[in-house]
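Down below is the structure, laid out as structure tokens.
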Amino acid sequence: QVQLVESGGGLVQAGGSLRLSCAASGSIFSINAMGWYRQAPGKQRELVARITSSGSTNYADSVKGRFTISRDNAKNTVTLQMNSLKPEDTAVYYCNADLRSSSSWRRYNYWGQGTQVTVSS
């Protein structure tokens with residue numbers, strides 16, 4: 001079994017910063033990609049940022065230049081540094097991992113439980 005545990009959400013004023021972290025643990029052989037998605041009320045879940053095991057990244061256009069994703073492959077962690085936050089960044093943020101299980105050798109896609117980010121104007 002695999003768990004993704006997120007931390008770092010909260011309430012911040014517009015223009016402020018937050019740092020989200022996610023740690024993957026359990027029966028993990030390798031992690032191909034890790035990322036952050038978000039879902040605002042009444043909207044579909046959308047990709048925020050994603051990083052592969054080789055360090056390649058991609059970002060949603062709405063966060064480019066403001067958010068930075070990074071990962072520690074040795075610790076199976078991914079971090080999202082969010083700067084210059086805007087009210088429209090308010091959402092539940094979910095960690096995601098595309099990984100291969102060490103017990104079944106199968107490839108799975110796992111989600112964290114979500115962490116609330118609220119940006120006040």
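Some observations on this one:
- Taking max minus min of the alpha-carbon positions on each principal axis, the chain gives extents of 47, 26, 22 Å, largest first.
- The slack between Ser7 and Arg45, meaning 0.36 nm per residue of separation minus the straight C-alpha distance, is 11.8 nm.
- The range 1-58 - Rg (one decimal) and Dmax (whole number), Cα, Å: 13.7, 40
- Our coupling estimate for the range 18-32, obtained by passing each phi through the Karplus curve with A = 6.51, B = -1.76, C = 1.60 and θ = phi - 60°, is 9, 10, 9, 10, 9, 10, 9, 9, x, 7, 10, 8, 7, 10, 6 Hz, Gly and Pro reported as x.
- Here the extension length gained between Arg100 and Ser17 equals 26.6 nm, from 0.36 nm per residue of separation less the Cα-Cα distance.
- Simple label model, 7 Å out from Cα along Cβ direction - Ser62 to Thr118, nm: 1.9 nm
Readers should treat all values here as calculations from the given coordinates under stated rules, not as data from a laboratory. Bear in mind that the values here come from a model prediction, so they are computed numbers and not experimental data. Positions of Cβ are backbone-derived with ideal geometry, glycine not excepted, and every protein chain shown enters the neighbour counts.
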